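Below: the structure, in structure tokens.
The values are calculated or read from the model by the stated rules, or taken from the named source; none is laboratory data. Note that the structure is a prediction, hence the values are computed from the model and not measured. No Cβ is skipped: glycine too gets one built from the backbone with ideal geometry, and neighbour counts run over all protein chains shown.
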Amino acid sequence: MTTAVLLSCHGTVERLDDLPAFVTNIRRGRPAPPEVIDEVRRRFQAIGGSPLMRITQAQADALAARLGLPVAIAGRLWHPYPAEVLGALHRSGVRRVVSLPLAPQSVDVYHAVVRDAAAEQGGMEVRCVPAWGLEPALIDAFVEVIDEALARIPEEGRAKVAVILSAHSLPQRIIAAGDPYERQFRAMAAEVERRIAARGNPVLVAFQSQGMTGDAWLGPDLRSTFDGLVARSVREALIAPIGFVADHVETLYDLDVEAQVFAREAGLARLSRAPAVNTRPRFIDALEALVRRELAQAAP
């Protein structure tokens, strides 16, 4: 049976003119007010556009070189959609796909779209990788980027730097409805904390990039986290956005631009950031292990 791997992510746009339609997809069909579109456009322009899909393609290429299998990419909320990609794979002779979301938590949201797209092809088997936030190589990759970022801080104050493990927030109503996202993220963060805390650094969890809506979002947010650190006389912090495996607007703008303003307003002397894992070899190790395990379980 001809097999391929599908890496799926949130997705993003290349053309700013597509932002209204993209944001409407994010809002489940509800058009956004013009001021929201203007703000999103401003953020994209401030960072020169999002590199998300370019990084995702590079991750796919690195994984394909490891596996010797075709590895395609798709966006859940923007082109190329899973239906488009699976159609092309089916026409090329692929009959089994390993669905690997590039979000270790709440993977069923991604798998559902892939399964529906595969069903349209007829006769295409989908193997779904389960939530993978505790994959050892993934934790290693997170610790690597944090250690490298800490190493750039003068040694005499390094152990006093607070490490903030951040992830994208969600509306509280989604968590209340039973989505496992927060629980799964906190379990992953606890594994990273276990490794980092051994170096002496205080470690906290925060949720960032809350939406521009009036309802309640999962916290603590970055502002309250910074305020809490200053109240404890902590003057320096490092954000490690372990909720993101590729740099995107949420890291390049929300952390590198907006969070810097929040930190200064709170009274922090310095806020630095660890990069996303992107194409780091240890991260590709994690993806490879997940696919090989799924294929081994599928073998007759």
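Annotations for the structure displayed:
- Among the residues of region 208-261, those identified as among the aromatic types (Phe, Trp, Tyr) and closer than 26 Å to ILE139 by Cβ are PHE226, PHE244.
- Residues that are in a helix (DSSP H, G or I), among the hydroxyl-bearing types (Ser, Thr, Tyr) and touching a residue at least 60 places away in the same chain (Cβ under 8 Å) within region 222-257 comprise just one, THR225.
- Residue under evaluation ASP215, criteria (1) modelled with pLDDT of 95 or more; (2) farther than 30 Å from ALA83 by Cβ; (3) touching a Pro at 6+ places or on another chain (Cβ under 6 Å), criterion not met: (1)
- Here GLY219, GLY214 are screened, and the one residue that is in contact (Cβ under 8 Å) with a residue 12 or more places away in the chain, surrounded by fewer than 18 Cβ atoms within 10 Å (Cβ to Cβ), small (Gly, Ala, Ser) and farther than 16 Å from PRO104 by Cα is GLY219.
- Hits in region 17-35 - residues which are touching a helix residue (DSSP H, G or I) at 6+ places or on another chain (Cβ under 7 Å) and not in a loop (DSSP other than H, G, I, E, B): LEU19, PRO20, VAL23
- Residue satisfying all of: in region 176-205; touching a helix residue (DSSP H, G or I) at 6+ places or on another chain (Cβ under 6 Å) and of a type outside the set (A, V, I, L, M); nearest to ALA237 (Cα to Cα) among these: ARG195
- Those residues of region 263-300 which are in a helix (DSSP H, G or I), crowded, with 17+ Cβ neighbours inside 10 Å, hydrophobic (A, V, I, L, M, F, W, C) and under 22 Å from the mean Cα position of the chain (by Cα), in sequence order: PHE283, ILE284, ALA286, LEU287, LEU290, VAL291
- Of the residues making up region 137-154, those that are without any contact (Cβ under 8 Å) to a residue 60 or more places away in the chain and either crowded, with 19+ Cβ neighbours inside 10 Å or assigned to a helix (DSSP H, G or I) (or both) number 4.
- Boolean, LEU229 is aliphatic (A, V, I, L, M), closer than 30 Å to ASN25 by Cα and modelled with pLDDT of 95 or more: no
- Flag if GLN208 is modelled with pLDDT of 95 or more and within 16 Å of the chain's Cα centre (by Cα): yes
- Selection status of ARG96, more than 19 Å from GLU84 (Cβ to Cβ), over 16 Å from the mean Cα position of the chain (by Cα) and touching a residue at least 60 places away in the same chain (Cβ under 8 Å): no
- Residues that are crowded, with 16+ Cβ neighbours inside 10 Å and not hydrophobic (A, V, I, L, M, F, W, C), drawn from region 4-19: SER8, HIS10, GLY11, THR12
- Within region 21-43, the set of residues being surrounded by fewer than 16 Cβ atoms within 10 Å (Cβ to Cβ) and more than 24 Å from LEU100 (Cα to Cα) comprises ALA21, THR24, GLY29, ARG30, PRO31, PRO33, PRO34, GLU35, ASP38, GLU39, ARG41, ARG42.
- Filter result for VAL13 (touching a residue at least 12 places away in the same chain (Cβ under 8 Å), of a type in the set (A, V, I, L, M) and over 27 Å from THR279 (Cβ atoms)): no
- Selection of first residues in region 155-180 that are in the same structural domain as VAL203 (by TED's automatic domain parsing) and of second residues that are loosely packed, with under 14 Cβ neighbours inside 10 Å and among the small types (Gly, Ala, Ser), restricted to Cβ pairs under 6 Å at least 6 apart or on distinct chains, gives the following pairs, ordered by first then second residue: ALA159/GLY200; GLN172/ALA216.
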